[in-house]
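**Q** Please see the structure below; I have some questions.
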Amino acid sequence: MDDGTMTAYVHYLLVHLRYQGCGIGSWLLGMCKRRYAGYLRIVLTSCREKVPFYERNGFLPDRTQEAVRLIPPTFGETGIEQEEGE
């Protein structure tokens, strides 16, 4: 996903455990880097333990920002009180 000019977002790059260490992840990252070469940044979501892999592929941890997330309530629960008559 990208905004068309400045930032491309990669939300997890997943390679089956059986094929990890075969160069597939690095190859996929290379494709992303070539596709978005003219962009200001490529932002990638990663588990902490996988950060060294991304560093080996030219990515740098961004210690200036924190990821935030919203976990929506289960289906049918909104957490919002309804007014009487709604």
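**Q** Spin-label point model (7 Å from Cα, Cβ direction): what's the residue 27 to residue 7 distance in nm?
**A** Spacing of the two 7 Å Cα→Cβ label points: 3.1 nm.
**Q** Using only helices, what value at 222 nm comes out for the chain when you add -39,500 (n - 2.57) per DSSP H run of length 4 or more and divide by the total residues, to the nearest 500 deg cm²/dmol?
**A** After summing the helix terms and dividing by residue count, I get -6000 deg cm²/dmol.
**Q** Which value, in debye to the nearest 20, gives the size of the charge dipole of the chain about its Cα centre, when Lys and Arg are +1 and Asp and Glu are -1 at the Cβ?
**A** The calculation lands at about 1140 debye.
**Q** Something else now. Most exposed first by the Cβ proxy, i.e. fewest other Cβ within 10 Å, how do 22, 32, 47 rank?
**A** 47, 22, 32
**Q** Need one word for segment 1-75: rounded, prolate or oblate. Basis is the Cα gyration tensor (sqrt eigenvalues a ≥ b ≥ c); a/c below 1.5 gives rounded, then a/b vs b/c decides.
**A** Details: a/c = 1.57, a/b = 1.12, b/c = 1.40.
It is oblate, given that a/c is not under 1.5 and a/b is not larger than b/c.
**Q** Taking the number of other C-beta atoms within 10 Å as the exposure measure, put 64, 45, 7 in order starting with the fewest.
**A** With the sparsest Cβ surroundings first, the list reads 64, 45, 7.
**Q** Where does helix 24-35 land angle-wise versus the long Cα axis of the chain, in degrees 0 to 90, nearest 10?
**A** Relative to the chain, helix 24-35 is tipped by roughly 80 degrees.
**Q** First check a/c for segment 5-49, with a ≥ b ≥ c the square roots of the eigenvalues of its C-alpha gyration tensor; if it is under 1.5, answer rounded, and if not, answer prolate when a/b is larger than b/c or oblate otherwise.
**A** oblate
**Q** Neighbouring Cβ atoms within 10 Å as the yardstick, rank 2, 62 fewest first.
**A** Fewest to most other Cβ atoms nearby, the residues stand as 62, 2.
Coordinate-derived values only; no laboratory data. Quantities reported herein were computed from a predicted structural model and do not represent experimental measurements. FYI the Cβ positions are ideal-geometry reconstructions off the backbone, even for glycines, and counts take in every protein chain you see.
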